[in-house]
Amino acid sequence: MRLVVAEDSLLLREGLVRLLEEAGFEVVGQAGDADELIRKALAHKPDVAVVDVRMPPTNTDDGLRAALEIRRQAPGVGVLVLSAYVEEAYAHELLADGAAGVGYMLKHRVADLQRFTEAVRRVGEGGSALDPEVITQLMRGNRSPDSALAKLTPRELDTLALMAEGRSNLGIAEQLVVTDRAVEKHVRSIFSKLGLDAVPEDHRRVLAVLRYLRGDSG
Amino acid sequence: MPEPGADILVVASREPVALEVWVPLEEAGHRVRTVADGLAAITELKRQLPDVVVAEWEAPGLDGRGLCEAVRGDPELRDTHVIVMTSSARAERAAEALEAGADDYLATPFEQTELLARVRAGRRTSQLRASEARLRALMANVPGAIYRCAPDREWTMELISDEIERISGHPPADFIDSAVRTFASIIHPDDRERVENAVFEACKARRPFVLEYRIQHADGDARWVLERGQLVHGTNGRTWLDGAIFDISARREAEEERRRREAEQARVAELRASRARIIEAADAARRRIERDLHDGAQQRFVAVALQLRHLLSRLQKTAPDAALLLEDALDELQRATDELRELARGIHPALLTERGLVRAVEALISRLPMAAKLHEAPKERLPQPVETALYYVIAESLTNACKHADASAVTVDIGCAQGRAWAVVADDGVGDARMTEGSGLGGLSDRVEALDGRLTVQSPPGRGTTVRAEVACD
């Protein structure tokens, strides 16, 4: 899997690159600021661009803006955005055009090698990878009683939250310590309650997650 | 063009004399009344003043002398022009008559032409007196002191109207011929040279002058006066300064008061601006500290964690005991990273700068452990100091609602209209909150006031707490 890594701290960038290469990824480009990131991502068309939010030139949210620009110009390139803080506002901006190939994680999670490499892989395969903290925040923000999500049971909400993290049914079953079949049942119920029965399976999953993340009503 | 006729009162006891005067005057176009004696003349004068009186010196009852004395002694009649007819045989009569107050005399017998000429001259004098009287009345009534003075350094007064007493506290007689004091002596010492120079320059250039300066009132206070005047050339080559002096102390005081008020307002505005600058500098420092933490310590922690994980994966194969120790250390490092992150966020929320007040408040709300809702919020970004002030007020109020108010729900409203921006945070908790010097909100009122704003807390016991901050927002 081919990657571009954008991080302005050289120390951290080299650490990331070594870690990713040892995990079997091919790092085809490195960038220290937003402009370089866009240039290299559009040139190399990697499977995933791993992007730090705060980067030069303005050291505010340049990385996020660059990630959105890459999504717009090269929809096939996945973006995994790393940030010192997770902000709901940033999550909404990133997910505005769909959750496929999008990841948003707290930066310090990179130290959890397995979780981090899994997230990179999922985004590269067109899935999504959202930090549990993002999910928690979004769940709090989506408690409006007129939301379709209000119809979900707590167990179904847990299942949906794990779907949003990007996990497979098997992964969800492990996490919730239930059987594979039980998860399938929850997932079917979720699709039904959110009115997604007629949509193909893979797409349905993404839509359900999106609806969940956006807190769509109706 | 013939002059219009004059009003003439003839006083003559004898028919022939009356006719001798009356006929030519009537023929010359004058309006003539006749009376027989001095007493009747006085009555007639009081009924209507004529331009000229022509009276016999020798008469029964009140004679010419009596009439002259009565006329001169009566303020209302004093200005009447009186011509006395005396016998030419008794030349000394003329002197007596003039001594008694007559203006002119006619020696009988007289030519008609002389009579008409004397009456005409009398009338001119009478008109001059009338206009002088009008001028005196005007001088007495104008709200300023009208003067005529010599163009010398003392301003030696020839005349100055009574108003000067109200303006300076000194009677006008004091200044006439500088009898008691010179006018120059009451000009404020600090203004004297300026006044002298201005008058001198104006006279040299033959143009009128207008001056504002201070005089010293008899009561010791300074008064502001406005003076207008100019150099005039009189008879015999003499020159005068004619002009008027007005008391403008009230206007000056009003101006001073306005200036004081403006200066005070400017001072208050500067104070507010300097307070805003101090707060802005502190905010900039907070932003910098947060950035330094983010780019420095936080990055370094993550990089170190990465390296240690790398090390850990090797140790797990070769030295499992050491690996366990390292795992504990990594957990500790993780907690330190979390704490540092929250510390940095507390120092300055990056989202506030990057996405604005509304997004930052939404993020605050999403982290609250209670039901909270942002009702209204402006679509546009507000100026940075406004956003920062309102953010901290909202953050502090939300913290209080969670920690102290025992509230189950809280609402936030943010608005902006007509140059004002506001934030209102209302909870349904126990109320009875107070904004004290040491409290978090007390500290924030400085920040709000620096933006020409007000922070109010309404918190009746048992009925929730509403915090409202309103600031100027251009």
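The values are calculated or read from the model by the stated rules, or taken from the named source; none is laboratory data. Values in this document were obtained by computation on a predicted structure and should not be read as measured data. A quick note on method: Cβ atoms are made from the backbone with ideal geometry, for glycine too, and the neighbour counts reach across all protein chains shown.
The table that follows gives values for the structure above.
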{"read-out": "Failed item, numbered, when B:Gln48 is tested on (1) crowded, with 22+ Cβ neighbours inside 10 Å; (2) within 56 Å of the chain's Cα centre (by Cα); (3) under 20 Å from B:Leu25 (Cα atoms)", "value": "(1)"}
{"read-out": "Matching residues in the stretch A:88-103 - criterion: being at negative phi and either away from every other protein chain (no Cβ under 14 Å) or among the hydrophobic types (A, V, I, L, M, F, W, C) (or both)", "value": "A:Ala89, A:Ala91, A:Leu94, A:Leu95, A:Ala96, A:Asp97, A:Ala99, A:Ala100, A:Val102, A:Gly103"}
{"read-out": "Some residue of the stretch A:134-153 being modelled with pLDDT of 85 or more, over 26 Å from A:Asp97 (Cβ atoms) and loosely packed, with under 15 Cβ neighbours inside 10 Å", "value": "yes"}
{"read-out": "Unique match (being surrounded by fewer than 16 Cβ atoms within 10 Å (Cβ to Cβ) and within 25 Å of the chain's Cα centre (by Cα)) among B:Arg166, B:Arg181", "value": "B:Arg166"}
{"read-out": "Residue check, A:Val50 within 14 Å of chain B (Cβ to nearest Cβ) and at pLDDT 95 or above", "value": "yes"}
{"read-out": "Cross-chain or 6+ apart pairs with Cβ under 8 Å, the stretch A:92-112 first and at pLDDT below 85, then surrounded by fewer than 19 Cβ atoms within 10 Å (Cβ to Cβ) and assigned to a loop (DSSP other than H, G, I, E, B)", "value": "A:Ala100/A:Gly126"}
{"read-out": "Residue in the stretch B:317-328 that is under 21 Å from A:Phe116 (Cα atoms) and either within 11 Å of chain A (Cβ to nearest Cβ) or touching a residue at least 40 places away in the same chain (Cβ under 8 Å) (or both) present", "value": "no"}
{"read-out": "In the stretch A:71-85, the residues that are over 19 Å from A:Arg122 (Cα atoms) and either crowded, with 21+ Cβ neighbours inside 10 Å or away from chain B (no Cβ under 14 Å) (or both)", "value": "A:Arg72, A:Gln73, A:Ala84"}
{"read-out": "Test set (1) away from chain B (no Cβ under 14 Å); (2) within 20 Å of the chain's Cα centre (by Cα); (3) more than 21 Å from A:Arg115 (Cα to Cα) - A:Asp61 fails condition number", "value": "(1)"}
{"read-out": "Every residue from the stretch B:83-105 that is among the hydrophobic types (A, V, I, L, M, F, W, C) and touching a Cys at 6+ places or on another chain (Cβ under 6 Å)", "value": "B:Ala100, B:Ala102"}
{"read-out": "The stretch A:21-46, subset of a type in the set (A, V, I, L, M) and within 15 Å of A:Arg121 (Cα to Cα), residue nearest to the other protein chains (Cβ to nearest Cβ)", "value": "A:Ala23"}
{"read-out": "Single unsatisfied condition, B:Ala336 versus (1) in the same structural domain as B:Ile394 (by the TED database); (2) more than 60 Å from the chain's Cα centre (by Cα)", "value": "(1)"}
{"read-out": "Sole exception among (1) surrounded by fewer than 16 Cβ atoms within 10 Å (Cβ to Cβ); (2) more than 14 Å from chain A (Cβ to nearest Cβ); (3) under 49 Å from the mean Cα position of the chain (by Cα); (4) in contact (Cβ under 8 Å) with a residue 24 or more places away in the chain for B:Lys379, by number", "value": "(4)"}
{"read-out": "From the options B:Arg261, B:Arg277, residue that is surrounded by 12 or more Cβ atoms within 10 Å (Cβ to Cβ) and either free of Cβ contacts under 8 Å to residues at least 60 places away in the same chain or within 14 Å of chain A (Cβ to nearest Cβ) (or both)", "value": "B:Arg277"}
{"read-out": "Odd one out for B:Val21, checked against (1) surrounded by fewer than 22 Cβ atoms within 10 Å (Cβ to Cβ); (2) in contact with a strand residue (DSSP E or B) (Cβ under 7 Å, 6 or more places away or on another chain); (3) of a type outside the set (Phe, Trp, Tyr)", "value": "(1)"}
{"read-out": "Test result for B:Glu342, surrounded by 15 or more Cβ atoms within 10 Å (Cβ to Cβ), within 10 Å of another protein chain (Cβ to nearest Cβ) and not in a strand (DSSP E or B)", "value": "no"}
{"read-out": "Residues located in the stretch A:1-20, provided they are more than 8 Å from chain B (Cβ to nearest Cβ), outside any loop (DSSP other than H, G, I, E, B) and within 21 Å of the chain's Cα centre (by Cα)", "value": "A:Arg2, A:Leu3, A:Val4, A:Val5, A:Ala6, A:Arg13, A:Val17, A:Leu20"}
{"read-out": "Any hit, the stretch B:136-158, residues being free of Cβ contacts under 8 Å to residues at least 40 places away in the same chain, in a strand (DSSP E or B) and surrounded by fewer than 16 Cβ atoms within 10 Å (Cβ to Cβ)", "value": "no"}
{"read-out": "Number of the condition not met by B:Leu368 [criteria: (1) surrounded by fewer than 18 Cβ atoms within 10 Å (Cβ to Cβ); (2) modelled with pLDDT of 90 or more]", "value": "(2)"}
{"read-out": "Pair list, Cβ < 8 Å and 6+ apart or interchain, from the stretch B:296-316 residues that are touching a residue at least 24 places away in the same chain (Cβ under 8 Å) and at the interface with chain A (Cβ under 7 Å from one of its Cβ atoms) to residues that are of a type in the set (Gly, Ala, Ser) and not in a helix (DSSP H, G or I)", "value": "B:Gln298/A:Ala84"}
{"read-out": "Residue identified as within 60 Å of the chain's Cα centre (by Cα) and at pLDDT below 90 among B:Arg78, B:Arg72, B:Arg93", "value": "B:Arg78"}
